[in-house]
1. Take region B:176-199 and flag every residue that is in a helix (DSSP H, G or I) and closer than 30 Å to residue B:51 by Cβ.
2. Just for region B:72-120: of the residues that are free of Cβ contacts under 8 Å to residues at least 60 places away in the same chain and surrounded by 19 or more Cβ atoms within 10 Å (Cβ to Cβ), which one is farthest from the other protein chains (Cβ to nearest Cβ)?
3. Can you pull out every residue in region B:321-351 that is surrounded by fewer than 24 Cβ atoms within 10 Å (Cβ to Cβ) and either touching a strand residue (DSSP E or B) at 6+ places or on another chain (Cβ under 9 Å) or in a helix (DSSP H, G or I) (or both)?
4. Within region B:27-71, how many residues are within 14 Å of chain A (Cβ to nearest Cβ) and touching a strand residue (DSSP E or B) at 6+ places or on another chain (Cβ under 9 Å)?
5. State all residues of region B:1-33 that are within 30 Å of residue B:211 (Cα to Cα) and surrounded by 24 or more Cβ atoms within 10 Å (Cβ to Cβ); if no residue qualifies, say none.
6. So, of the residues in region B:141-157 that are buried (at least 18 other Cβ atoms within 10 Å of the Cβ) and without any contact (Cβ under 8 Å) to a residue 60 or more places away in the chain, which turns out to be nearest to the other protein chains (Cβ to nearest Cβ)?
7. Can you find even one residue in region B:158-174 that is away from every other protein chain (no Cβ under 14 Å) and more than 30 Å from residue B:289 (Cβ to Cβ)?
8. I'm checking my understanding of the structure. Among residues of region B:277-300 that are under 21 Å from the mean Cα position of the chain (by Cα) and outside any helix (DSSP H, G or I), which one is surrounded by the fewest Cβ atoms within 10 Å (Cβ to Cβ)?
């Protein structure tokens, strides 16, 4: 899977999980604001990313991810 | 019952195998339709019996936000639909709920599927985070009341009643007691039951279910000599209980009055009911209702289509009513056993029949046994006006609830 495929997969999974339009997800956008994450739904982000990429994001790392680009980079390095 | 505060029913809503609105359910009762099907998936899972009530899944996407739906197992979704309809039926608005302390007592006694999903995840992944945020809230026995309370912003008592197959009936009885005693003016009461196979797998395992799989609609045959077990079913049913004064003040439509609630424990066997416990529950409900047995126009029996259960209930009813000709039926002949929901749904079924002037047929009652022969059990629809019914619900461990409700 190349990087573009990975990003597409991540975006689609997040759009499905959090019921937003995939167009709302841009690299510089805030993950927390775009997905309206709170401490509970952050758990769903971690679970969904694990299901899609096989990468488990520890909670301590998840809270450091600000933008979608941060998320793509984090997962691309570990996938 | 103490008449200090009269308790009336001002709203009803239901999501059941007989329909998803009061009108649909009324018609199903009138026509004597069965809601029971053969589910091939259960056979593949190793079930003795693949029979079940069929209940469609509500589509709540676009109705409730993800942030609410993620915490709702199937029975909470059914309960949401039933409760939304009941509140609308009662004319209760968001503004009313925001400015009054409306209570919530709902019967629920399991949430198997979310528990199994979470355990599967933990075993497979060795990681609890991957269960997701909804798992804990979906898994708890109080999942229905915690969800309904947050969705409808209810500010009164917020409590799940777990009384096995009498849960829904106890919820209504206890709600009535709170209103009678002036502790609540309005209580949303009901019962919910998950329908997924996992919820009843171990129940199937103790040979409690009918295996008449070649004739699904004939499998549930309460009081019939040839019954061979119950058929599991589910959904949700909600009634709005309110003080008479509140209902009059609001100008609300009043369906009927909860006259009496009786309860008892058997103090006996965990699965086999006896006669004495149910008899005491019936007698208590009638006594507290302040009526004579002769005033009862219809008895909605608990009868689930098991041998010992129906036999002992028939004995208990006969011990109370004797040779009086009061129609006794079990609507489980149409629905199967709606378990945690049944006590609430059967109040709605009985109310719809009372309002409609008919008694739905006790399906598949072809031959009586020694005990059911002593009761008047119609196998065909009876057109009859009646103004008081008694509804029985009994559960594992010997928990009994009886309600006496009067037409208004």
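1. Going residue by residue through region B:176-199, those that are in a helix (DSSP H, G or I) are B:176-180, B:197-199.
Once the filter is applied, which keeps residues that are in a helix (DSSP H, G or I) and closer than 30 Å to residue B:51 by Cβ, region B:176-199 yields B:197, B:198, B:199.
2. Checked region B:72-120; the qualifying residue farthest from the other protein chains (Cβ to nearest Cβ) is B:77.
3. Here is the first cut: in region B:321-351, the residues surrounded by fewer than 24 Cβ atoms within 10 Å (Cβ to Cβ) are B:321-327, B:351.
Of everything in region B:321-351, those that are surrounded by fewer than 24 Cβ atoms within 10 Å (Cβ to Cβ) and either touching a strand residue (DSSP E or B) at 6+ places or on another chain (Cβ under 9 Å) or in a helix (DSSP H, G or I) (or both) turn out to be B:321, B:324, B:325, B:326, B:327, B:351.
4. We begin by selecting, within region B:27-71, every residue within 14 Å of chain A (Cβ to nearest Cβ); these are B:59-71.
Next, only the ones that are touching a strand residue (DSSP E or B) at 6+ places or on another chain (Cβ under 9 Å) stay: B:69.
Total meeting the criteria: 1.
5. B:14, B:15, B:16, B:17, B:18, B:25, B:29
6. We begin by selecting, within region B:141-157, every residue buried (at least 18 other Cβ atoms within 10 Å of the Cβ); these are B:143-149, B:151-152, B:154, B:156-157.
After this cut, where a residue has to be without any contact (Cβ under 8 Å) to a residue 60 or more places away in the chain as well, the list is B:145, B:149, B:154, B:156-157.
Numbers: B:145: 19, B:149: 17, B:154: 21, B:156: 26, B:157: 26 Å.
Of everything passing the filter in region B:141-157, B:149 is nearest to the other protein chains (Cβ to nearest Cβ).
7. Restricting attention to region B:158-174, the residues satisfying the condition of being away from every other protein chain (no Cβ under 14 Å) are B:158-174.
Add one more test, that the residue is more than 30 Å from residue B:289 (Cβ to Cβ), and what stays is none.
Scanning region B:158-174, I find no residue that is away from every other protein chain (no Cβ under 14 Å) and more than 30 Å from residue B:289 (Cβ to Cβ), so the answer is no.
8. Quick first cut of region B:277-300, residues under 21 Å from the mean Cα position of the chain (by Cα) only: B:277-286, B:289, B:296-300.
Among the residues that remain, those that are also outside any helix (DSSP H, G or I) are: B:296-300.
Values: B:296: 23, B:297: 19, B:298: 21, B:299: 26, B:300: 29.
Taking the candidates together, the pick is B:297.
The values are calculated or read from the model by the stated rules, or taken from the named source; none is laboratory data. Please read all numbers here as calculations on a predicted model, not as lab measurements. Note: ideal-geometry Cβ built from the backbone for every residue, glycine included; neighbour counts use all protein chains shown.
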